[in-house]
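Notes to accompany the following structure.
The values are calculated or read from the model by the stated rules, or taken from the named source; none is laboratory data. Owing to the predicted nature of the structure, the values given are computational and were not obtained by experimental measurement. Cβ atoms come from the backbone with ideal geometry, glycine included; neighbour counts cover every protein chain shown.
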Amino acid sequence: MSLSVPLLSQSMTLIASALSPSELLDGLHDAARAMGAEATALGIVRDDEIHHFARGFDAAVVQRFALIPLSVALPGPFTVRAGVPQFLVDRASTFDRFPDAVAVIEASDYGAAACLPLVRGGSVFGYVAMHYVGSREFDAADQFLLTTVTAAVAGTASRILADDPTVESARGSTDHELLRLRAEVAGLTDALASRAVIEQAKGILMNRYQISPGAAWRLLVRVSNATNVKVRVLAEQCVMQGVDAVPALTLDESQQP
């Protein structure tokens, strides 16, 4: 997955300190862009309707869907009703499951979408949606990152919706939350950075030896075990210096996996 670590870290700070739905959506949209999405939506349930806020859509579309019945056949309302995330890998699967979505994305290049429920005290009170150009598989890293961002949005949205008088001074009272989120993002982005360099190294090995992704991964693991060097370190050496600079990864034909 493509990931901008600086933008993600900045967006999590914006999410945690937001004082209004508009500010919250700004932070969410930055987080979405950091993860490769092009459009974002935030839905908040009020009675039998959903107040829908969006970025990255035509103004006419945003206005048309500013207020949505909870019963409508769209990914957001369905996510609220079902209470579970929806990962739609391309435009065809989106239209197949949610024909009404044609009116939302038909005029755009958006295809894949992720829609996750906002949960407070065990109850779903809204959703977060991110839209991507083209298709997307939503692997484990994607889903974990989306879930983390959604949890941060849910916490801030709960605070905003509580209409607490202390909200006015919320920017000065979120230090603990910001520290927690930053620590969480730091751990997450470090893991994703490891994943990214490993994927790069796998690509280099696949091209060099004409092998599958699985075989490239097994080669890295095998060499790691044999040399007592971490897979990430091997991957970094492979990417930065090339395969020939890492003798343990230089194989003749008989050794290729």
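Can you work out which of the residues in segment 105-164 that are over 24 Å from residue 190 (Cα atoms) and hydroxyl-bearing (Ser, Thr, Tyr) is surrounded by the fewest Cβ atoms within 10 Å (Cβ to Cβ)? Quick ask: steps written out before the conclusion?
So the first thing to find is which residues in segment 105-164 are over 24 Å from residue 190 (Cα atoms), and the list is 105-113, 115, 117-129, 131, 133-135, 156-164.
From what is left, the residues that are hydroxyl-bearing (Ser, Thr, Tyr) are 108, 110, 123, 127, 135, 156, 158.
Values: 108: 16, 110: 22, 123: 10, 127: 28, 135: 14, 156: 24, 158: 15.
Once the filter is applied, the top-ranked residue is 123.
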* To do: Hey, could you check segment 55-70 for residues that are exposed (fewer than 14 other Cβ atoms within 10 Å of the Cβ) and either without any contact (Cβ under 8 Å) to a residue 40 or more places away in the chain or not assigned by TED's automatic domain parsing to the domain that holds residue 28 (or both) and say which is farthest from residue 25 (Cα to Cα)?
  => 69
* Structure fact -> The lone condition residue 92 fails out of (1) modelled with pLDDT under 95; (2) of a type in the set (Gly, Ala, Ser); (3) assigned to a strand (DSSP E or B) is (3)
* Asked: Applying the selection to segment 28-47, what residues are free of Cβ contacts under 8 Å to residues at least 60 places away in the same chain and within 19 Å of residue 115 (Cα to Cα)?
  -> 29, 30, 33, 34, 46
* Need at least 1 residues that are modelled with pLDDT under 85 per element, so show me which helices (runs of 4 or more DSSP H) inside segment 130-241 make the cut, counting only ones lying wholly within it. => 140-161, 175-209
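Against the definition (of a type in the set (Gly, Ala, Ser) and surrounded by 18 or more Cβ atoms within 10 Å (Cβ to Cβ)), how does residue 92 come out, yes or no? First the steps, then the outcome.
Working: of a type in the set (Gly, Ala, Ser): yes; surrounded by 18 or more Cβ atoms within 10 Å (Cβ to Cβ): no.
When the stated conditions are applied, residue 92 does not pass them.
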* What single numbered condition from (1) at pLDDT below 70; (2) within 28 Å of the chain's Cα centre (by Cα); (3) surrounded by 15 or more Cβ atoms within 10 Å (Cβ to Cβ) fails to hold for residue 251? -> (2)
* **Residues of segment 1-53 classified as assigned to a helix (DSSP H, G or I), over 25 Å from residue 81 (Cα atoms) and touching a Gly at 6+ places or on another chain (Cβ under 9 Å), total** => 8
* Failed condition for residue 63, given (1) touching a helix residue (DSSP H, G or I) at 6+ places or on another chain (Cβ under 7 Å); (2) under 26 Å from residue 134 (Cα atoms), with all others met? -> (1)
* Inspect segment 214-229 for any residue being surrounded by fewer than 18 Cβ atoms within 10 Å (Cβ to Cβ), under 27 Å from the mean Cα position of the chain (by Cα) and polar (S, T, N, Q) and give the result as yes or no. => no
* To do: Give just the number: which of (1) touching a residue at least 40 places away in the same chain (Cβ under 8 Å); (2) among the aromatic types (Phe, Trp, Tyr); (3) assigned to a helix (DSSP H, G or I) does residue 78 not satisfy?
  => (1)
